[in-house]
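Following: one structure in structure tokens, then a few remarks.
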């Protein structure tokens, strides 16, 4: 049997999968990841934790499957995008990673907008000037951590770092480079003018690699630390949301994936380049295609925070019912009406990325009274993310995309209450996927393509089947139409105050 390994360096967990080609999942394993927010708007993680997770996961996968390391013929790594990992000249990590959801660099974004006309930047770089740009984060480090900045020898992303630990080779995958703001979209090449904006030397950026390009072989150190065989090819890697979309079969125009992981992603496929400052533009894993997409700063990470912060009093009730706290809160929320009896939440706990690109935005609960309980709050939080998805869909339609099918994946999609709310808010059917293991399957398939073990990108859909379709409930559609307008209006009323610093 021919085996490939996929790894996902996610915001809330590290996940691994062993795939027996052409269509068998042999084993999966996961480890939690700690997200740190030491100051308002900050989001950081420890790359050493990612690597420790990878080492533990590989051992577990090999033991669970009975597969020998020599049978693993290729490795693909996916991860959140564009997390910023900085190495010194010796290959040591200089500071915690700055996550893609981090909102600390508002002043640097404003500076960049003063220096480069944004429509011209959008045309050149394919993405607008916003807090996602690695350029803005590097300028923040230059200003606030000059000792760190002066030692930077390598800048790349989460899965680039794991590839480095596996192979000893430094490279940046093409979508990290694109969303970081360093690629001329018309040429497909790293642009020195764009690099200079970050105030770093061009050589701190390693070579750009295509997702399915072999970027190195597992070296002796990587083999010793993971148990994988030295000489195993490792491909360039993949952005997690793009890998997940491939695994869901989002290849044809009109298909949309709603990915409910640590963040909420909204993705569609196209063969047309249509840069828009409200959304991100990435390469599809299928060569020649692109993937316009939105990504919120939070999602599952905010739900986890809510549970840990406010739901401790429900722990015994959840245990007695044989449910997790998340499941227990879903039951409580299902008993509340659409609109949560007048509660509206803005889920901007780390500022917000698409489509508002406002690092100054904050989380808000409006309409709270003594008649509300934790079930209302949980429902309102689920509704908030559904409203945000609708906002993204309106932007995609405004850009000229004709959307015809909504697929849902990842951990949050297992919540029937949440997915029904999404169907009602969109007033459209929502197609659940069965057996979708998330982004790691896209990473494994990209590895198989990269080393020539497979040649059909659509073949990855063998691992995923369609499951339940949730139809919109007519009695809730009107309520959510009004709720969505309140949600949008609440942000518009508060945004000027946030931007003024009040």
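The values are calculated or read from the model by the stated rules, or taken from the named source; none is laboratory data. This one's a predicted model, so the numbers in the text were calculated from it and none came from an experiment. In this analysis, Cβ positions are derived from the backbone assuming ideal geometry, glycine residues included, and neighbour counts consider all displayed protein chains.
Before moving on, here are some points about what is shown:
- With respect to the stated conditions, residue 236 is modelled with pLDDT of 95 or more and touching a strand residue (DSSP E or B) at 6+ places or on another chain (Cβ under 8 Å).
- Test result for residue 5, surrounded by 23 or more Cβ atoms within 10 Å (Cβ to Cβ) and in contact with a strand residue (DSSP E or B) (Cβ under 6 Å, 6 or more places away or on another chain): yes
- Number of residues in region 307-323 that are closer than 21 Å to residue 101 by Cβ and touching a helix residue (DSSP H, G or I) at 6+ places or on another chain (Cβ under 6 Å) equals 1.
- Subset of region 265-280 that is modelled with pLDDT of 95 or more and assigned to a strand (DSSP E or B) - its residue that is surrounded by the fewest Cβ atoms within 10 Å (Cβ to Cβ): 266
- Residue count, region 364-403 (criterion: over 18 Å from residue 484 (Cβ atoms) and outside any helix (DSSP H, G or I)): 10
- Subset of region 36-58 (residues that are in contact with a helix residue (DSSP H, G or I) (Cβ under 8 Å, 6 or more places away or on another chain), surrounded by 19 or more Cβ atoms within 10 Å (Cβ to Cβ) and either closer than 22 Å to residue 437 by Cα or not assigned by TED's automatic domain parsing to the domain that holds residue 13 (or both)): 50, 51, 54, 58
- The number of residues in region 273-292 being without any contact (Cβ under 8 Å) to a residue 60 or more places away in the chain and under 16 Å from residue 255 (Cβ atoms) comes to 4.
- Of all residues in region 451-486, those that are part of a helix (DSSP H, G or I) and in contact with a strand residue (DSSP E or B) (Cβ under 6 Å, 6 or more places away or on another chain) total 1.
- Residue check for residue 292: assigned by TED's automatic domain parsing to the domain that holds residue 265 and at pLDDT 95 or above: yes
- Residue within region 40-56 that is touching a strand residue (DSSP E or B) at 6+ places or on another chain (Cβ under 7 Å) and at pLDDT below 95 present: yes
- Residue list for region 175-234, filter: part of a helix (DSSP H, G or I) and surrounded by fewer than 19 Cβ atoms within 10 Å (Cβ to Cβ): 192, 193, 196, 202, 203, 204, 220, 221, 223, 224, 225
- Exactly one residue among 476, 427 is in contact with a helix residue (DSSP H, G or I) (Cβ under 7 Å, 6 or more places away or on another chain), at pLDDT 95 or above and at positive phi, and that residue is 427.
- The condition of being modelled with pLDDT of 95 or more, assigned by TED's automatic domain parsing to the domain that holds residue 418 and within 21 Å of the chain's Cα centre (by Cα) holds for residue 257.
- Residues that are surrounded by 14 or more Cβ atoms within 10 Å (Cβ to Cβ), modelled with pLDDT under 95 and touching a helix residue (DSSP H, G or I) at 6+ places or on another chain (Cβ under 6 Å) do not occur anywhere in region 445-458.
- Of all residues in region 293-319, exactly one satisfies the criterion of being farther than 30 Å from residue 255 by Cβ and either under 11 Å from the mean Cα position of the chain (by Cα) or outside any helix (DSSP H, G or I) (or both), namely 311.
- Selection count, region 389-404, where residues are more than 15 Å from residue 271 (Cα to Cα) and either touching a helix residue (DSSP H, G or I) at 6+ places or on another chain (Cβ under 9 Å) or buried (at least 20 other Cβ atoms within 10 Å of the Cβ) (or both): 5
- Pairing each residue of region 223-248 that is on the phi > 0 side of the Ramachandran plot with any residue that is part of a helix (DSSP H, G or I) and at pLDDT 95 or above, provided the two are 6+ apart or on different chains, yields C-beta distances under 7 Å for 227/58; 227/59; 227/62; 227/69; 237/159; 237/160; 237/163.
- With respect to the conditions (1) at pLDDT below 95; (2) over 25 Å from residue 295 (Cβ atoms); (3) buried (at least 23 other Cβ atoms within 10 Å of the Cβ), residue 19 lacks only one, and its number is (1).
- Residue within region 358-369 that is within 26 Å of residue 133 (Cα to Cα), outside the structural domain of residue 493 (by TED's automatic domain parsing), touching a residue at least 24 places away in the same chain (Cβ under 8 Å) and within 22 Å of the chain's Cα centre (by Cα) present: no
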